[in-house]
1. Of the residues that make up segment 58-79, is at least one outside any helix (DSSP H, G or I) and over 29 Å from Arg177 (Cβ atoms)?
2. Restricting attention to segment 230-259, report how many residues are in a helix (DSSP H, G or I) and not charged (D, E, K, R).
3. For residues in segment 199-212 being crowded, with 24+ Cβ neighbours inside 10 Å and not aliphatic (A, V, I, L, M), which is farthest from the chain's Cα centre (by Cα)?
4. So Leu96 fits all but one of (1) at pLDDT 95 or above; (2) touching a Lys or Arg at 6+ places or on another chain (Cβ under 9 Å); (3) more than 30 Å from Ala206 (Cβ to Cβ); what number is the exception?
5. Can you tell which of Gly39, Gly47 is in a strand (DSSP E or B) and closer than 21 Å to Phe187 by Cβ?
6. Going through segment 49-68 one residue at a time, which ones are on the phi < 0 side of the Ramachandran plot and among the small types (Gly, Ala, Ser)?
7. Restricting attention to segment 272-293, and to residues there that are over 22 Å from Arg221 (Cα atoms) and either over 15 Å from the mean Cα position of the chain (by Cα) or without any contact (Cβ under 8 Å) to a residue 12 or more places away in the chain (or both), which single residue is surrounded by the most Cβ atoms within 10 Å (Cβ to Cβ)?
8. Identify all residues within segment 143-166 that are assigned to a strand (DSSP E or B) and surrounded by fewer than 16 Cβ atoms within 10 Å (Cβ to Cβ); write none if there are none.
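The values are calculated or read from the model by the stated rules, or taken from the named source; none is laboratory data. Predicted model, so just to flag it, every value in this text is computed and none were measured. Because the Cβ atoms are built from the backbone with ideal geometry, glycine has one as well, and the counts that use them run over all protein chains shown.
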Amino acid sequence: MSTPSLSALPIRRLTPRDLTACADLSENRGWPREEHKWGLLLTAGTGYGIDDPDAPGLIAACVVTQYGPLENPELSAIGMVLVAERHARKGIGRHLMRNVIESAGTTPLTLHATPNGRPLYEQLGFKTTGRAEMVKGRFTPDASDTESPAGVTTRAATAEDLPTLIRLDTEIFGLDRTHVLTRLPAFTDQLRVAEADGEIVGCAGAWPNMETHVVGPLFARDTQTAKALIASLGTRTDRPLRTDIDVRHEELLAWVKARGLGSVAFNAVMTYGITELPGDWTRRFAPLTVAAG
């Protein structure tokens, strides 16, 4: 099939029934299948895909997760932009992204771009507004990690905590993410909160992703509280940890590296239609997943 025909193929909405096809596409590009993550993204967000004209399956896909009022979202995060290897560099990714941009209308967009994907996004009008560092490794606490910061304790989150967590997350993230936060108890293997003087001052989750536990989301009143939350997760799993930390959190990055997590990659945080993300970055340490902003 010619290149012009490929780049004009129809784009359709994906559903949870497309999970296996999405995971197959991930595997085709050398990514982990990540079926657990795909399951969340296809229910909390909106997937877009292009069917293979010659065989069952997808030749391209992405997911868009919207935040803010349902009827008038204030931000859309794009993730899992994938094109099958045999159809790469034929304009299909551009075709898919242009459809997402047009569908968003006036809603600002954000995404985490790999070095390979960044040139396309720049050509489409996205601007780099930040940077995140992926770190991974077995968390090895030292003696000081058995003691939380003065006045701070960590514990497993309960159903009764959800309204408070949603209010705190909305304040820090800058937009309402109720549809994502309410899925965390089922999605994560661990969901923990930090308390000080009887008040919740932070939250972190650890969810299964292949052989690792991904730490995210991670939001807290300060770096010391974020450290306490990571330590509380890391000492309760036998899997390596993985997370993506805003590079401006230099102290936290140095701390996790001193405890066994090594640098894996850097991704550019990019936006379209806004010059910076909403919320308070000083209290937002790691996303739930870079695929959902």
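1. Start the filter on segment 58-79 by keeping residues that are outside any helix (DSSP H, G or I), which leaves 58-79.
Then keep just the ones that are over 29 Å from Arg177 (Cβ atoms); that gives 59.
Yes, because at least one residue in segment 58-79 is outside any helix (DSSP H, G or I) and over 29 Å from Arg177 (Cβ atoms).
2. First, pick out the residues of segment 230-259 that are in a helix (DSSP H, G or I): 230-234, 250-257.
From what's left, not charged (D, E, K, R): 230-234, 252-256.
Residues meeting the conditions: 10.
3. The initial filter retains those residues of segment 199-212 that are crowded, with 24+ Cβ neighbours inside 10 Å, namely 202-206.
Keeping just the survivors that are not aliphatic (A, V, I, L, M) gives 202-203, 205.
Working: Gly202: 18, Cys203: 16, Gly205: 12 Å.
By that ranking, first place goes to Gly202.
4. (2)
5. On the way: Gly39 fails: in a strand (DSSP E or B).
Exactly one of Gly39, Gly47 is in a strand (DSSP E or B) and closer than 21 Å to Phe187 by Cβ, namely Gly47.
6. Here is the first cut: in segment 49-68, the ones on the phi < 0 side of the Ramachandran plot are 49-56, 58-67.
Listed by number, the residues that qualify are Gly49, Ala55, Ala60, Ala61.
7. Across segment 272-293, the extreme among qualifying residues is Tyr272.
8. Within segment 143-166, Thr153, Arg155, Ala156 meet the criteria.
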